[in-house]
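Q: One structure coming up, written as structure tokens, with questions to follow.
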Amino acid sequence: MPASKHRPASRKRAEFNLNAFLASSTASVNAALNHFLPPDNTKPTTIHQAMRYSVFAGGKRMRPALVLAAAAACGGKEADALPLACAVECIHTYSLIHDDLPAMDNDDYRRGKLTSHKVYGEGIAILAGDALLTHAFEVAVQAKGWPRYCHRDIIHEISVAAGSRQLIAGQVADLESEGKKISADQLKYIHERKTSALLCCAVRLGGMSANCSAAELKALTDFGYHVGLAFQVIDDILDVTQTSAKLGKTAGKDTKAQKATYPAIVGLAKSRKIAMELTDKAFLALKPFKGRAAALKALAEFLLERDR
Ligand code: GRG
């Protein structure tokens, strides 16, 4: 039975070929990343090989897809959104490389392959993360700039999402809460920053690349925030319900590291309910876009139903 038969009224949407959209957005993003990243024979070759190793290790490319889908919802062109989609993927990949380091989550596998420090050693892995973080800004400034959003706005957007009050703040709170009992509110604080901030930034950048109106940007922010939170709740659920082979990273790590997660705090059934409610809220935020948000809606639903 097609998934649409099970779709609740709150998530009603026009049929949309998400597989075709993802195949096309992933191909465009991979080609653009290949163009924007220095070739792996660029000196010093180790660092450029390490950067490319992680970027092309087989990530799902969900954040770039959100950039392109948000651009489409606002009537923008893929070519204008691509530098921003690539910048976000560089930031995301850097955060994964650093998250996997022995001083952080200490993981041997990511995206189904050995982690950067396992292949290149810790020093080069740290530098590959640093280089990707920095490279994101070099790529972002190659965007054309728009009447409502200049390069300063774009750089501000990315640096705030990746900075010490968002992405890094979430990681700090995550580290500091290991082995401790924390409240659902504290867990939400971590998830908002560690995961939702960059997904929300991706959606907003897509809108900006289409020179979206202030009202459209507000709607996208609301959508991105809720989809971002739902994404991490699902990530927590998958950690306890899926195998390492399926996830491409070590499953069950959160429990082992005594990490605060939604399943640990509220249980699996309530976690699924929360993820669904967050996705419903994300759908509601898209009302102003009428028929133009088909890709965003299909992505939100896909992220809710994903199994890896
Ligand atoms: C500055 C030392 C230093 C470290 C920074 C910021 C940071 C480390 C880590 C970010 C925290 C993090 C990894 C959040 C989790 C977000 C998440 C669920 C990632 C997995 O995303 P997917 O499933 O991955 O989209 P793929 O591999 O498909 O791209």
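Q: Among (1) open to solvent by 10 Å² or more (accessible area, probe 1.4 Å); (2) in a helix (DSSP H, G or I); (3) more than 11 Å from the ligand (Cβ to nearest atom), where does ASN211 come up short?
A: (2)
Q: Also: Can you tell which of LEU132, LEU101, LEU114 is farther than 17 Å from ARG204 by Cβ, surrounded by fewer than 17 Cβ atoms within 10 Å (Cβ to Cβ) and of a type in the set (A, V, I, L, M)? I'd like the intermediate steps shown before the answer.
A: Details: LEU132 fails: surrounded by fewer than 17 Cβ atoms within 10 Å (Cβ to Cβ); LEU101 fails: surrounded by fewer than 17 Cβ atoms within 10 Å (Cβ to Cβ).
Unique residue meeting the criteria: LEU114.
Q: Would you be able to say whether some residue in region 251-261 is over 25 Å from ALA143 (Cβ atoms), open to solvent by less than 30 Å² (accessible area, probe 1.4 Å) and modelled with pLDDT of 95 or more?
A: Scanning region 251-261 turns up no residue that is over 25 Å from ALA143 (Cβ atoms), open to solvent by less than 30 Å² (accessible area, probe 1.4 Å) and modelled with pLDDT of 95 or more.
Q: Could you list, in sequence order, the residues of region 175-203 that are more than 17 Å from ILE234 (Cα to Cα) and within 10 Å of the ligand (Cβ to nearest atom)?
A: LEU175
Q: Please verify whether region 288-303 includes one or more residues that are buried (at least 19 other Cβ atoms within 10 Å of the Cβ) and among the charged types (D, E, K, R). I'd like the intermediate steps shown before the answer.
A: Here is the first cut: in region 288-303, the ones buried (at least 19 other Cβ atoms within 10 Å of the Cβ) are 289, 293-301, 303.
Those still in the list that are among the charged types (D, E, K, R) too: 297, 301.
Among the residues of region 288-303, at least one is buried (at least 19 other Cβ atoms within 10 Å of the Cβ) and among the charged types (D, E, K, R), which makes the answer yes.
Q: A follow-up question, please. Of the residues in region 262-287, how many are open to solvent by 50 Å² or more (accessible area, probe 1.4 Å), more than 12 Å from LEU304 (Cα to Cα) and aliphatic (A, V, I, L, M)? First the steps, then the outcome.
A: Here is the first cut: in region 262-287, the ones open to solvent by 50 Å² or more (accessible area, probe 1.4 Å) are 264-265, 268-270, 272-273, 276-277, 281, 284, 287.
Restricting the remaining residues to those that are more than 12 Å from LEU304 (Cα to Cα) gives 264-265, 268-270, 281, 284, 287.
Adding the requirement that they be aliphatic (A, V, I, L, M) leaves 264-265, 268-269, 284.
So the answer is 5.
Q: Here is a follow-up. Any residue in region 218-237 that is open to solvent by 20 Å² or more (accessible area, probe 1.4 Å), aliphatic (A, V, I, L, M), out of contact with any Pro (no Cβ under 8 Å at 6 or more places or on another chain) and away from the ligand (no atom under 16 Å from the Cβ)?
A: Within region 218-237, the subset open to solvent by 20 Å² or more (accessible area, probe 1.4 Å) is 218, 221-222, 225-226, 235.
Those left that are additionally aliphatic (A, V, I, L, M): none.
Checked against the condition, which is being open to solvent by 20 Å² or more (accessible area, probe 1.4 Å), aliphatic (A, V, I, L, M), out of contact with any Pro (no Cβ under 8 Å at 6 or more places or on another chain) and away from the ligand (no atom under 16 Å from the Cβ), region 218-237 yields no hits at all.
Q: In addition: Limited to region 34-46, what total is found for residues that are within 13 Å of LEU132 (Cβ to Cβ) and either surrounded by fewer than 19 Cβ atoms within 10 Å (Cβ to Cβ) or of a type in the set (Phe, Trp, Tyr) (or both)? Full working, then the answer.
A: Of all residues in region 34-46, those within 13 Å of LEU132 (Cβ to Cβ) come to 36-38.
The next check asks that each one be either surrounded by fewer than 19 Cβ atoms within 10 Å (Cβ to Cβ) or of a type in the set (Phe, Trp, Tyr) (or both); those that pass are 36, 38.
Residues in region 34-46 being within 13 Å of LEU132 (Cβ to Cβ) and either surrounded by fewer than 19 Cβ atoms within 10 Å (Cβ to Cβ) or of a type in the set (Phe, Trp, Tyr) (or both): 2 in total.
Q: Here are the criteria: (1) farther than 22 Å from VAL29 by Cα; (2) within 15 Å of the ligand (Cβ to nearest atom). Tell me which single one LEU96 does not satisfy.
A: (1)
Q: Something else now. Limited to region 220-236, what total is found for residues that are aliphatic (A, V, I, L, M) and touching a Phe, Trp or Tyr at 6+ places or on another chain (Cβ under 7 Å)?
A: Step one: of region 220-236, the residues aliphatic (A, V, I, L, M) are 220, 227, 229-230, 233-234.
This time we only want the ones that are touching a Phe, Trp or Tyr at 6+ places or on another chain (Cβ under 7 Å), so: 233.
Looking only at that region, the number is 1.
Q: For region 110-186, list the helices (runs of 4 or more DSSP H) that sit wholly inside it and hold at least 1 residues that are at pLDDT below 95 and closer than 30 Å to ALA245 by Cα; which are they?
A: Working: elements: 116-120, 122-140, 151-162, 167-177.
Fully inside region 110-186 and qualifying: 167-177.
Q: Of these, ALA57, ALA161, ALA70, which one is within 13 Å of the ligand (Cβ to nearest atom), open to solvent by less than 50 Å² (accessible area, probe 1.4 Å) and closer than 23 Å to ALA219 by Cα?
A: Working: ALA57 fails: closer than 23 Å to ALA219 by Cα; ALA70 fails: within 13 Å of the ligand (Cβ to nearest atom).
The conditions single out ALA161.
Q: Take the conditions away from the ligand (no atom under 12 Å from the Cβ), within 23 Å of GLY170 (Cβ to Cβ) and either open to solvent by less than 20 Å² (accessible area, probe 1.4 Å) or among the polar types (S, T, N, Q) (or both) and apply them to VAL240. Does it pass?
A: Considered against the rule, which asks whether it is away from the ligand (no atom under 12 Å from the Cβ), within 23 Å of GLY170 (Cβ to Cβ) and either open to solvent by less than 20 Å² (accessible area, probe 1.4 Å) or among the polar types (S, T, N, Q) (or both), VAL240 comes out as no.
Q: Looking at (1) at pLDDT 95 or above; (2) at negative phi, which one does ASN211 not meet, given that it meets all the others?
A: Against the list (1) at pLDDT 95 or above; (2) at negative phi, ASN211 comes up short only on (2).
The values are calculated or read from the model by the stated rules, or taken from the named source; none is laboratory data. Since we're looking at a predicted model, the values are computed, not measured. Every residue, glycine as well, gets a Cβ built from its backbone with ideal geometry; the counts of neighbours run over all protein chains shown. These accessible areas exclude ligands, DNA and RNA; they are computed on the full protein's heavy atoms, side chains included. Shrake-Rupley method; radii C 1.70, N 1.55, O 1.52, S 1.80 Å.
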